[in-house]
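Colleague: I'd like to ask you about the structure that follows.
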Amino acid sequence: MKFIHAADLHLDSPFLGLTTLPSALLATVRQSTFAAATRIFDRALAEHVDFVVLAGDLFDRSEQSVAAQAFLFQQFQRLDDAQIPVFISFGNHDYAADQHQTVAYPANVTTFGPKVGTVTITLNSGETVAVSGFSYPERWVTTDPISDFPDHAQTDWHIGLLHGAVATGNADHYAPFTLAELLAKRYDYWALGHIHHRQSLNEQPPILYAGNPQGRSINETGTKGAYLVTSRQGKLVPEFFETGVVDWETPTVQLTATSLSTLGEQVTAWLTDQPASKPTLTALTVALPAALVDPVSGDWLSLFQKTHQRQMKASQRFITRLNVTTPAAALAAPQLDQRYWEQGATSVFTAANEEQLFGKLAQNPALAEWFAQPATRAQLQTLAEQNLRRAMGEAGHDVS
């Protein structure tokens, strides 16, 4: 058996705030979600997969364009011509209540409804496969849906299709679940969507977020793609493959510039020395003397973009943002008195602050379990105090 697991295509992503890019590159960026999705379907055809599963958020918003609908119809028709079934669950961006399809999908496409359903197919090899999933009926699904999923069917393989996030107990809006619940269903594979950075929650059986096929902002760095999953010796083995058309990166560069002219020279040299393998939208962080911070924070980047398009095109790096920092000055801090530490800790180490800072890390089951333990809070405070004392000691302050 062989299938593809993809999620979060986010067709029609607007890519706002990039108007300073060269017009040809801007057109490439705005079409990148479609191009990345095409690479998924091209791979499905090239590998002659048995089926494709898409775990939610095919569209970026509920009001889908005719162009996006027509694009998916064409891609699904290509798969239908090759007799490759497609299984879809809609997520929080394209939830089922707002599906205003202008065309009906081809007959090879199964769209799961608001209640968990299961479809069973028989492959050319004679193997039987059950696929279970559901689509969001509205933007938020705050209840845990896993109890509605059946146990492993009387089939050779059972695949779970789920757009959701690991439960944290704090504002769970996206079909919250626990790893233990997924494992209890004894499925052979869980195809997850919603988290845009690929990650594995479990190795065997594989429980995987494919991530999105194309990064859509500077917050979505890293290699983007989908999984080709193959059965080997009674197990399903996922292989990640890349689909991204445009990359996003956030490098920090140490420069010695003392004037705007030398800054331009050094950034240009960095572009030459660090070429990218594909168009890469770059938010560059540089440390500069305090006297240069205000001038650079003005129109410097806009002027650099206009006068250095040739260098950026040659390196395939396009600087879209410049973050300026100043070298850290030595602190003339008083000694770290335990009484002041305890007073500060009272206001800083609150449950609300800890949950906010911990954020999406809690979607990792192991981290979420650790964070929920009663001893964690005291452990965090101890580690923070140790690190603060160490940092101040290295700076030459009395921390006795």
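The values are calculated or read from the model by the stated rules, or taken from the named source; none is laboratory data. Quick caveat, the model's predicted, so the values are computed rather than measured. Cβ atoms come from the backbone with ideal geometry, glycine included; neighbour counts cover every protein chain shown.
Colleague: Considering each of THR20, THR33, THR28 in turn, give the residue that is hydroxyl-bearing (Ser, Thr, Tyr), touching a residue at least 12 places away in the same chain (Cβ under 8 Å) and in contact with a helix residue (DSSP H, G or I) (Cβ under 7 Å, 6 or more places away or on another chain).
Modeller: Working: THR33 fails: in contact with a helix residue (DSSP H, G or I) (Cβ under 7 Å, 6 or more places away or on another chain); THR28 fails: in contact with a helix residue (DSSP H, G or I) (Cβ under 7 Å, 6 or more places away or on another chain).
Answer to the selection: THR20.
Colleague: Taking the residues in the range 14-40 that are small (Gly, Ala, Ser) and closer than 24 Å to GLN305 by Cα as candidates, determine which candidate is surrounded by the fewest Cβ atoms within 10 Å (Cβ to Cβ). I'd like the intermediate steps shown before the answer.
Modeller: In the first step, residues of the range 14-40 are kept if they are small (Gly, Ala, Ser); the result is 17, 23-24, 27, 32, 35-37.
Those left that are additionally closer than 24 Å to GLN305 by Cα: 17, 23-24, 27, 32.
Working: GLY17: 11, SER23: 8, ALA24: 10, ALA27: 11, SER32: 22.
Only one residue tops the list, namely SER23.
Colleague: Another question about this same structure. So which residues in the range 42-64 are under 24 Å from the mean Cα position of the chain (by Cα), modelled with pLDDT of 95 or more and either surrounded by fewer than 21 Cβ atoms within 10 Å (Cβ to Cβ) or part of a strand (DSSP E or B) (or both), if there are any at all?
Modeller: Filtering the range 42-64 down to residues under 24 Å from the mean Cα position of the chain (by Cα) leaves 42-44, 51-64.
Among the residues that remain, those that are also modelled with pLDDT of 95 or more are: 42-44, 51-55.
Once the filter is applied, which keeps residues that are under 24 Å from the mean Cα position of the chain (by Cα), modelled with pLDDT of 95 or more and either surrounded by fewer than 21 Cβ atoms within 10 Å (Cβ to Cβ) or part of a strand (DSSP E or B) (or both), the range 42-64 yields ASP42, ARG43, PHE51, VAL52, VAL53, LEU54, ALA55.
Colleague: Would you be able to say whether some residue in the range 277-296 is hydroxyl-bearing (Ser, Thr, Tyr) and crowded, with 20+ Cβ neighbours inside 10 Å?
Modeller: So the first thing to find is which residues in the range 277-296 are hydroxyl-bearing (Ser, Thr, Tyr), and the list is 277, 280, 282, 285.
The next check asks that each one be crowded, with 20+ Cβ neighbours inside 10 Å; those that pass are 280, 282.
Yes - at least one qualifying residue is present in the range 277-296.
Colleague: Suppose the filter is among the β-branched types (Val, Ile, Thr), within 21 Å of PHE59 (Cα to Cα) and assigned by TED's automatic domain parsing to the domain that holds LEU54; does THR110 pass it? Lay out the reasoning, then the answer.
Modeller: Numbers: among the β-branched types (Val, Ile, Thr): yes; within 21 Å of PHE59 (Cα to Cα): yes; assigned by TED's automatic domain parsing to the domain that holds LEU54: yes.
Yes; evaluated as a whole, the condition is true for this residue.
Colleague: Here's another thing I want to ask about it. Tell me, which residue of the range 169-193 that is part of a loop (DSSP other than H, G, I, E, B) and either hydrophobic (A, V, I, L, M, F, W, C) or touching a helix residue (DSSP H, G or I) at 6+ places or on another chain (Cβ under 6 Å) (or both) is surrounded by the most Cβ atoms within 10 Å (Cβ to Cβ)? Spell out the reasoning first.
Modeller: Residues of the range 169-193 that are part of a loop (DSSP other than H, G, I, E, B), as a first pass: 169-173, 175-176, 178, 185-188.
In the following step, the residues that additionally are either hydrophobic (A, V, I, L, M, F, W, C) or touching a helix residue (DSSP H, G or I) at 6+ places or on another chain (Cβ under 6 Å) (or both) were identified as 170-171, 175.
Numbers: ASN170: 12, ALA171: 10, ALA175: 25.
Looking at the filtered set, the residue picked out is ALA175.
Colleague: Quick check on GLY211: is it surrounded by 14 or more Cβ atoms within 10 Å (Cβ to Cβ), in the same structural domain as HIS10 (by TED's automatic domain parsing) and either without any contact (Cβ under 8 Å) to a residue 60 or more places away in the chain or closer than 22 Å to LEU18 by Cβ (or both)? Working first, answer last.
Modeller: On the way: surrounded by 14 or more Cβ atoms within 10 Å (Cβ to Cβ): yes; in the same structural domain as HIS10 (by TED's automatic domain parsing): yes; either without any contact (Cβ under 8 Å) to a residue 60 or more places away in the chain or closer than 22 Å to LEU18 by Cβ (or both): yes.
Yes.
Colleague: Which residues, taken from the range 130-145, are under 15 Å from PHE112 (Cβ atoms) and β-branched (Val, Ile, Thr)?
Modeller: VAL131, VAL141
Colleague: For the range 65-168, which strands (runs of 3 or more DSSP E) that fit wholly inside it have 2 or more residues that are hydrophobic (A, V, I, L, M, F, W, C), surrounded by fewer than 19 Cβ atoms within 10 Å (Cβ to Cβ) and out of contact with any helix residue (DSSP H, G or I) (no Cβ under 8 Å at 6 or more places or on another chain)? Can you show your working first?
Modeller: On the way: elements: 86-89, 109-111, 117-122, 128-133, 157-163.
By residue number, 117-122.
Colleague: Within the range 203-258, which strands (runs of 3 or more DSSP E) (wholly inside it) include 1 or more residues that are polar (S, T, N, Q) and within 22 Å of the chain's Cα centre (by Cα)?
Modeller: On the way: elements: 207-209, 225-232, 235-242, 247-249, 252-254.
Passing ranges, in order: 252-254.
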